[in-house]
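J.: Structure below; questions to follow.
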Amino acid sequence: MSRLGRTAVVIASAACLAAGFTAAVAAPALAQPAHTPAHPAKISAKVQRAYEKAVHEHPRSTGACSNGNGFTASTSFWRCTGSSPSSRWVASSCAQGQYNAGTSYNVYGAINFCGTRVWLHEFTYPQDVNNGWSICFAPNSNAEAVLSIPVFPRNIMVSNNSASCTTILP
């Protein structure tokens, strides 16, 4: 993709970041979920308020994952797994680590309620180090990152870095 094309994608993605979140997801993921906790995490009051504010300010009634299928606003990294309004949201643990997919993860949108950065990598760990694309999701996001194009990473990395970052598509 040309630099101009990537710039257009980045601008479109930034515009989508402003879109609020009323999440949903229905089509089953083609890959295993990233380290999903066996029991739901407690929802922090701060995360719950951020989510409610985002839904109130930017309601979404159409598009991928727009009906909230599977979403609970728990303190997790959430990814929309399909292009349908009824596609499922899948939660992943905020525990620091490298989580490789059996094939690849489906990511049509994401919300990071973790207190640290979450990265999507094109390749599995350790092949992803210095190879392929990566996308950073800032900690404690209060709005859904609606991706202008779906991505299919082979690794989700939860870092220990609590600093913000800018989400830029590959």
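Every number in this text was worked out from the coordinates using simple rules, so none of it is lab data. Keep in mind it's a predicted model, so treat the numbers as computed, not measured. As a convention, Cβ positions derive from the backbone with ideal geometry for all residues, glycine included, and neighbour counts pool all protein chains shown.
J.: Please sort 68-80, 95-107 by packing, taking for each peptide the average over its residues of neighbouring beta carbons within 10 angstrom, highest first.
T.: Output ranking for 68-80, 95-107: 68-80, 95-107.
J.: So, one more: So for each of 156-164, 127-135 I average, over its residues, the number of other beta carbons within 10 Å; can you give me the resulting order with the highest mean first?
T.: 156-164, 127-135
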